[in-house]
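So the structure is just underneath, and the comments pick up after that.
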Amino acid sequence: MILALLIAIPIAFGVLAWYSDRINASLPRRLSFLAMAIDLGLIVLLWAGAVPQEGVWIAEFKVNWVPQLGISLHFAMDGLSLVFTALTAALGLASIVASWTEVKERPGFFHFNLLWALAGIMGTFLSMDLFVFYFFWELMLFPMYFMISVWGHRKRHYASVKFFIFTQAGGLLMLVSILALYFIHGSSTGDYSFDFTDLSRTELSPVVEVLLMLGFLAAFAVKLPILPLHTWLPDAHTEAPAAGSVILAGLLLKTGAYGFIRFMLPLFPGASSLFAPLALVLGAAAVIYGALLAFAQRDIKRLVAYTSVSHMGFVLIGIFAFNGLALNGALMLAVCHGFATGALFMVAGWLQERMDTREMRLMGGLWAAAPMMGAATLFFALASLGAPGLGNFVGEFLVLLGAFRAYEVVASFAATGLVLAAVYSLWIVQRVFHGPYERKAGIKDLNGRELSAMVVMAAIIIWLGVYPQPVLDQLGRMVLAEGNGQITAQSPEDDVFSDFRIEPGIKHPGLLEI
């Protein structure tokens, strides 16, 4: 029941927030903060009570919804979904803080959309019925569209429509694959069901498996995003309000990575292994491409947006290297990227709110006026470039170490992105906070609320960098449903995915373990 509450709470509080601004304009954000604080508290309780058993759900909720069609409200949480739901609740709180004073028009409707987007993301991480999964996959799309188009900046309509077209097109292709898999399974077994465990047992010919995999790939590739399907991301990030940018970078991109690991690999292992070499090449290309384009940006939010393209390239490599170390690194990097890049977007939003510009050439020398903001930006820039002792370093190191075991050239090429990351990350600090300070009126430094958010997010990144094992332990307790094929190891030294066949409720030996 607690899993259903994690989704129901933001939905219910979103409706309350919509109508509460008629009473008080500040009430919607307080209700939103309370909703996500309750969700985070429930997740902490689940984490504290999680029994370290392999192949066992931490929590599960299942009731029939439309039994005639084989649709059930089936929510389940293992270590993977536990970590990502915790990330959702934490960054949900951060996104509310980010736009605490930014949103002045229709705050009730804004926080309604914010909470419903978070509910959709939470449902995506918990759903084990593919029909319900698709429902939540689409649920997070529409609130984000409104957040960008109504409360975004100058080119918000263009950015919101582009975001909608890309993500909706990918989602519809996935729906076609889900329905095809549903009917194939029903015709061969007589049991029409959308449950992931049932569908993962479906026998598919190699050609059909590839075709169905492409539908899931389209949806997850757009959200991650994979080159060349990334073009919606810089525009959406740049034009979205600060809260929207935090959710986009910290959470929506992670739903793509989660979808690959939770659904595409187990459902279509043979087709996934065929796609793996191309995925690795595209991942390495994204690392370099995103870093180089970041150099060319004058808009601070657009620069940070392109860094996400680069970092998600590392995540893609980690997933499709078919190596336990690399997969651990990809998941750790996904979590740390959410906090580091989310914090940078928060700073960018606060700078725009104070200075009415995102152009770095109009900034400079701000450290003298806002030293706490400068220190926060420097810290999260160091986290973004993967400085040792911080969580991003752990993720990138594990990805490269694992990928190098099988793909030396790809790993070596991607490693050059670390050098480029150091340049563009420190460039932000130099362009914005150093140099001559020419503005006549000073800007306000971080207030208590903003500083508290920065301190908490910095503490989490330090914890993940110094002592990542608790998170890695949870990520290693992934429950996998029965697969329909094999993923062949990509090198003799790699035994993690060798002769990979997933059995019901059993974690494959060695998967995600260090």
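The values are calculated or read from the model by the stated rules, or taken from the named source; none is laboratory data. Keep in mind that this is a model prediction, so the values were computed, not measured. With ideal geometry, Cβ positions are generated from the backbone for all residues, glycine too; neighbour counts draw on all protein chains shown.
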Just wondering, is there one or more residues in region 329-348 that are surrounded by fewer than 24 Cβ atoms within 10 Å (Cβ to Cβ) and of a type outside the set (Gly, Ala, Ser)?
-> no
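To keep it simple, each residue is scored yes or no on (1) aromatic (Phe, Trp, Tyr); (2) touching an Asp or Glu at 6+ places or on another chain (Cβ under 9 Å); (3) closer than 27 Å to Leu224 by Cβ.
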| residue | (1), (2), (3) |
| --- | --- |
| Leu344 | no, no, yes |
| Glu353 | no, yes, no |
| Asp356 | no, no, no |
| Met363 | no, no, no |
| Pro371 | no, yes, no |
Can you tell which of Leu316, Leu278, Leu252, Leu293 is within 28 Å of Leu426 (Cβ to Cβ), surrounded by fewer than 23 Cβ atoms within 10 Å (Cβ to Cβ) and among the aliphatic types (A, V, I, L, M)?
-> Leu293
Filtering region 218-241 for residues that are aliphatic (A, V, I, L, M), buried (at least 24 other Cβ atoms within 10 Å of the Cβ) and more than 16 Å from the chain's Cα centre (by Cα) leaves a count of 1
Condition met for Leu173 (touching a helix residue (DSSP H, G or I) at 6+ places or on another chain (Cβ under 9 Å) and in a helix (DSSP H, G or I)) | yes
List every residue pair whose Cβ atoms lie under 9 Å apart, where the two residues are 6 or more positions apart in sequence or sit on different chains, the first residue falls within region 154-172 and is free of Cβ contacts under 8 Å to residues at least 40 places away in the same chain and more than 21 Å from Lys301 (Cα to Cα), and the second residue, located anywhere, is crowded, with 20+ Cβ neighbours inside 10 Å and of a type in the set (Lys, Arg).
-> none
Would you mention how many residues in region 441-486 are under 30 Å from Asp195 (Cα atoms), more than 19 Å from the chain's Cα centre (by Cα) and either modelled with pLDDT of 95 or more or not in a helix (DSSP H, G or I) (or both)?
-> 9
Determine whether Lys162 is of a type in the set (D, E, K, R) and buried (at least 23 other Cβ atoms within 10 Å of the Cβ).
-> no
Considering only residues of region 319-328 that are in a helix (DSSP H, G or I) and of a type outside the set (Gly, Ala, Ser), which is surrounded by the fewest Cβ atoms within 10 Å (Cβ to Cβ)?
-> Leu325
Selection from region 82-100 of residues that are among the aromatic types (Phe, Trp, Tyr) and not in a helix (DSSP H, G or I) | Trp100
Show the residue pairs that are 6+ apart or on different chains and have beta-carbon atoms under 7 Å apart, the first residue being within region 244-259 and more than 21 Å from Ser99 (Cα to Cα), the second being crowded, with 24+ Cβ neighbours inside 10 Å and among the polar types (S, T, N, Q).
-> Thr255/Thr124
Can you find a residue in region 142-157 that is under 20 Å from the mean Cα position of the chain (by Cα) and not in a helix (DSSP H, G or I)?
-> no
Answer with yes or no whether Val410 is within 20 Å of Gly342 (Cβ to Cβ), touching a residue at least 60 places away in the same chain (Cβ under 8 Å) and either assigned to a helix (DSSP H, G or I) or of a type outside the set (A, V, I, L, M, F, W, C) (or both).
-> no
Can you find a residue in region 61-81 that is in a helix (DSSP H, G or I), out of contact with any Lys or Arg (no Cβ under 6 Å at 6 or more places or on another chain) and buried (at least 24 other Cβ atoms within 10 Å of the Cβ)?
-> yes
Complete set of residues in region 327-364 that are closer than 17 Å to Ala89 by Cα and aromatic (Phe, Trp, Tyr) = Phe339
Is one or more of the residues making up region 381-390 closer than 28 Å to Ala403 by Cα, of a type outside the set (Gly, Ala, Ser) and assigned to a helix (DSSP H, G or I)?
-> yes
Say whether the condition of being of a type in the set (Lys, Arg) and closer than 20 Å to Ala86 by Cα is met by at least one residue in region 254-274.
-> yes
Quick count over region 184-214, residues being charged (D, E, K, R) and surrounded by 20 or more Cβ atoms within 10 Å (Cβ to Cβ), is 3
